[in-house]
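Data first, discussion second: the structure below is written as structure tokens.
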Amino acid sequence: MPDITDAAPIVTLHDLARFRLDDALVRPELYWPWWSTVTVKVLLVTDGLDFGDGDFGLSAFVTSLVNDGRRYARFDITLGHLRSDVTDSAMLAREPRITKRIKGFRFDVASHFTPTTYDEVWLFGVETDYKQPTYGTRSSSASYPADRLSDAELDNLTAHMNGGRGLFATGDHAFLGAGMGKALDRARNMRHWADFGSGEVSMSGPRRNDSNAPGHDPGTQFSDQSDDVPQSLDLDLYHAPWGALREERYPHPILCSPLGRIDVFPDHPHEGEVRVPDDMSLACRDGSPEYPDRLDGTGREEPRIIAHGRVPAGNTAGSKLATFAHAFGLLCAYDGHRAGVGRVVTDSTWHHFVNVNLIGILEGGGFDDFGRPGEDPSKHTGFLASAAGQEVLKKVQHYYVNTAVWLSPAPLVQAMNDGFWWDLVWNDRVVEATLLDPNTRIQEVSVRDFFEIGSQARDVLGRRATVCRSLHFVIPWLEIVWAELVPWVNPWDPVVRDGLPEMPWIDPEPLMKIALGGALVALREAHPYPPAKPPRFGEEESAIVTRGMATALSAGVRDLQRDLASMSEVVDAGVDRLGEMAKAPARRSRRK
């Protein structure tokens, strides 16, 4: 256990306050012994980019992952570069928290990669031709094609995904990144890896995906991508069919943050584009369905475009033609967990990750336009240049972490969620904050108190993780306790019914909060005080949660039945009386 050996003597309360803040960072287990952080093994691979601090480096993104600091997840990062002669600085040698660095990376070398080595793989592709000396064995061996990964590499990545592990893939405009992405199952048809149509993902045509938002100086310049003004996204929003969850609109979980919807991104003058597959019936390399049916028998799980970028009319930069206004697919997500395979995310461009689009242009770098007068200085520090820009950057960093969490294999996601139970019981103490007597037995707790406890818990989870995450935390338990309720409270998979009422007359959301409240009361009753070491959330605790939910919901449903019966009498009376009044002839009013 680390010690603070040079701490100043504690004389005043100010000394104590400073000591507590420092000590909690060094020895959090003394203050929160129930914390159990889930480690996610992440492999980041590139070919034409690097992980260094240059304009085309990914160091700001990597730093965002290793510095994230949230309690429930820690990212164990390996960096892989397909080039064999890449420098140490390009592999972020200055960062001691990187677990491993591999130059000349190959997916068919067991010491580099096997289908079970990593929990998720992120691909940042640039190249279209690997027959170059810089790629070593990949360049000289006939086993490796010039324009894509080898068959053995593709087979290993397919096995990785079909084993329930995650994949992220991106390139840039036109063919950039096709070498790693165009032949890879699922990723191959969740993104355009070549130009198409009338230069839809070209570099300079009027239909290019130019998301550059005008900056602080006149006109539009290429370097606007490096200032503190982001592009705005149009998010695909989801809602449940009834009640408050019908009125709410939730983005995909990777675009939900404690700061609100992640609706701003770094901009760029020529992005690529994501898509949904034209043919969902294709097979993977191993013969299995590329997009298999859901485990619950409700049909095929399909990729979705979850965010679109906007191209304003008239954008120009250098010799680029003025753009036509249009929208393009910016993010695509596939929830493979519903079908027993891994999740996949594709992004329109790695310019959402590289330093030049996040923290500005290096002085004298290739994108430095400062030879012209009038260039705004924010382009040298990017989103760090202003308070507004820093808020944008925080949202973008949440996107990075959300994606890494969402791509994790299902057992790891479950383990993260399990840890939240102890935090709610022992750290936030939502039961004590609600009940007059926290030792009240669960059978004696009122439905109203269950509801209040659940409401407090959802609020805590929403602030600590995201509002979306608070729903994802509860829904899997409802699938065990009351599966029929889930389609009516799950915004991301709403039940489809003919003839749904136009008005949200019935609201099932309180039932979800009542269930959460019951689970917390039951857990606190069984474990009123935290142990000295992180507790295991096992079968016994799972049974406590399900029994607590069932107890609270049983009481809640009885109340609901009584209220529905009373309302039914009112409705029946209204139907009769109002029907008669509606049929009566209208009376002419008399005016004096």
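Please treat every number below as a calculation from the coordinates, not as lab data. Because the structure is predicted, anything quoted here is derived from the model rather than measured. All Cβ positions, glycine included, derive from the backbone under ideal geometry; neighbour counts span all protein chains shown.
The simple Förster model, with R0 at 35 Å and r as the Cβ-Cβ distance, assigns V11 and W32 a FRET efficiency of 0.85.
Database remark: amide H of H326 closer than 5 angstrom to the amide H of V311 (H placed geometrically; neighbours at sequence offset of 5 or more, or on other chains; Pro and chain starts carry no H). In the chain, helices alone account for a calculated mean residue ellipticity at 222 nm of -10000 deg cm²/dmol, with every DSSP H run of four or more residues adding -39,500 (n - 2.57).
For the chain, C284, C332 stand unpaired, since no other cysteine beta carbon lies under 4.7 Å from theirs.
Simple rule: put +1 on each Lys or Arg Cβ and -1 on each Asp or Glu Cβ in segment 419-535, find the dipole, and look at A433, M503, V486; the Cα lying farthest toward the positive end is A433.
What is the calculated FRET efficiency for L321 to E95, with r their C-beta to C-beta distance and R₀ = 45 Å, to the nearest 0.05? So the FRET efficiency works out to roughly 0.65.
Using alpha-carbon positions, what is the distance between the centroids of segment 502-557 and segment 324-340, in Å? A separation of 33 Å, based on Cα centres.
Which Cα, out of L424, T170, T128, lies furthest along the positive dipole direction of the chain (beta carbon charges, K/R +1, D/E -1)? Farthest towards the positive end: L424. What you get for segment 75-142, charging only the Cβ of Lys and Arg (+1) and of Asp and Glu (-1), is a dipole of about 200 debye around the Cα centre.
Not counting the cut sites, what is the longest span of the chain without GluC sites (Glu not before Pro) that DSSP labels loop and that have at most 11 other Cβ atoms within 10 Å? List each step's numbers first, then the result.
Numbers: sites that count: E363, E502.
That would be 1-362.
Residues D335, D234 in ascending order of nearby Cβ atoms (within 10 Å, fewest first): D234, D335.
Once the Cα-Cα distance is subtracted from the 0.36 nm per residue extended length, the R18 to Y529 segment shows a gain of 181.3 nm. When the Cα positions of A194, G215, N67 are compared along the charge dipole of the chain, G215 comes out farthest toward the positive end, with charges on each C-beta of Lys, Arg, Asp and Glu. Here each label is just a point 7 Å from Cα along the line to Cβ, and for E248 and S84 those points are 5.4 nm apart.
Which FRET efficiency, nearest 0.05, do D76 and L578 yield, Cβ-Cβ r, R0 56 Å? All intermediate terms of the calculation are to be shown ahead of the outcome.
Numbers: r = 65 Å, r/R0 = 1.17.
Rounded to the nearest 0.05, the efficiency is 0.30.
With a ≥ b ≥ c taken as the square roots of the eigenvalues of the C-alpha gyration tensor of segment 123-167, please select rounded if a/c is under 1.5 and otherwise prolate if a/b is larger than b/c or oblate if it is not?
Values: a/c = 3.20, a/b = 1.91, b/c = 1.68.
It is prolate, given that a/c is not under 1.5 and a/b is the larger ratio.
Were the residues from S141 through A433 laid out at 0.36 nm apart, the gain over their Cα-Cα distance would be 98.5 nm. In the chain, the longest principal axis of the Cα atoms and the axis of helix 410-422 are about 50 degrees apart. Here, the chain yields an orientationally averaged convex hull projection of 39.2 nm² when only Cα atoms define the hull.
Principal-axis analysis of the Cα atoms of the chain puts helix 509-526 at an angle of about 90° to the longest axis.
Rounded to the nearest angstrom and ordered from largest down, what semi-axes does the equivalent ellipsoid of segment 412-578 get from its C-alpha gyration tensor (root of 5λ)?
Details: eigenvalues 198, 72, 34 Å².
They are 31, 19, 13 Å, listed from largest to smallest.
Once you charge only the Cβ atoms, +1 for Lys and Arg and -1 for Asp and Glu, what is the size of the charge dipole of segment 412-578 about its Cα centre, to the nearest 20 debye?
Values: 16 positive and 25 negative charges, 110 e Å.
That gives segment 412-578 a dipole magnitude of about 520 debye.
In nm, what is the difference between 0.36 nm times the number of residues separating L564 and S288 and their Cα-Cα distance?
Gain on extension, L564 to S288, equals 94.5 nm.
Here the simple spin-label model places points 7 Å from the Cα toward Cβ, and for T117 and E479 these points are separated by 3.1 nm.
For segment 197-322, a/c is not less than 1.5, where a ≥ b ≥ c are the root eigenvalues of the C-alpha gyration tensor, and a/b does not top b/c. That puts it in the oblate class. The lysine pair count for the chain, using Cα distances under 25 Å and pairs eight or more places apart or on different chains, is 12. Under the convention that each Lys and Arg Cβ holds +1 and each Asp and Glu Cβ holds -1, the size of the dipole of the chain around its Cα centre is about 1180 debye.
Panel order for F175, F353, by other beta carbons found within 10 Å of each beta carbon, from fewest to most: F175, F353.
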